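All of the numbers you see were taken from the coordinates with simple rules; none came from a lab. Remember, predicted model here, so these are calculated numbers, not experimental data. Cβ sites come from the backbone with ideal geometry, for glycine too, and all protein chains shown count toward neighbours.
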């Protein structure tokens, strides 16, 4: 699929977001497959998963690395809840868990009496609601969680809050990355299998409406939409062919940050929230953007 020329959609090209004058810097190398980056806005560090490496790591903006979780159950996506506790999707256990005070608490592990497939990516809303995607990736490979039967007939998107676990969407092929809009009245979800992003409106009572395709993502034989993030101006970042693609709030393709490895996910961070940490296969890269991201809490 060829890149999208925004000027063919609108005569006024959207404003650039990536600071191309700052070099792309690799701050971590030697991983097997990095995923789930999330920035702690108070303690100023990045947490990320190495799925086949079966570890969760923590690193500084400069790349000083330490192991946070030694045996992570092939963890993938990470997020912080409103109290600053780490919420993680585990492929090997097919669970969403929270780590707090040295304890690991299971938040979700079953739907309709059967195990979840393999929770993949997770976000936490301002009201504390947790949203996560549940494709079967962690059951298809020994390195990513272990070959097992897939228990759920659908690859769902779920919400977990004080009312319990709710299935919010069941018509995705391979739901993957997800993010909320700035006002949290919309949720964007990447469908890796269909190479696009869908958008749902969120009502005051939590119900979802819509779900139409919001943007087609430039993809390749392997590269496809995976991670998804929204910055403070409403720009949407998504992985795709060649690196990290940026769409403006009107779904116009702005540009692509080129990355030399296959990109899975990314997170805004740094003291000014203008550093983009990119989880790309064996590495973590650092790029600079001109619009700050949204702090986790």
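Could you rank the peptides 45-52, 68-75 by their average count of other C-beta atoms within 10 Å per residue, with the highest value first?
Values: 45-52: 24.0, 68-75: 19.2.
My ranking of the peptides, most packed first, is 45-52, 68-75.
Assuming a ≥ b ≥ c are the square roots of the Cα gyration tensor eigenvalues, decide whether the stretch 104-201 counts as rounded (a/c under 1.5), prolate (otherwise, with a/b larger than b/c) or oblate.
Values: a/c = 1.87, a/b = 1.29, b/c = 1.45.
Because a/c hits 1.5 or more and a/b fails to exceed b/c, the stretch 104-201 counts as oblate.
Order the peptides 215-228, 85-98 from the highest to the lowest mean number of other Cβ atoms within 10 Å of their residues. List each step's numbers first, then the result.
Working: 215-228: 19.5, 85-98: 23.1.
Put in order of decreasing packing, that is 85-98, 215-228.
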Among 274-285, 182-193, 200-211, the order from most to least packed when residues are scored by Cβ within 10 Å on average: 274-285, 182-193, 200-211
For the stretch 19-81, alpha-carbon Rg relative to the globular expectation (2.2 N^0.38 Å, N residues): 1.15
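With a/c under 1.5 counting as rounded, go ahead and sort the stretch 156-216 into rounded, prolate or oblate using the C-alpha gyration tensor (a ≥ b ≥ c being the square roots of the eigenvalues; past the cut-off, prolate if a/b is larger than b/c, else oblate). Walk me through the numbers before you get to the answer.
On the way: a/c = 2.08, a/b = 1.38, b/c = 1.51.
Oblate.
Once you keep just the Cα pairs under 8 angstrom separated by 6 or more residues, what percentage relative contact order results for the stretch 56-108?
Working: 81 pairs, mean separation 11.2, N = 53.
Relative contact order here is 21 percent.
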The stretch 246-297 shape via C-alpha gyration tensor axes, a/c threshold 1.5: oblate
Mean separation of Cα contacts under 8 Å (6+ apart) over length of the chain, as relative contact order %: 19
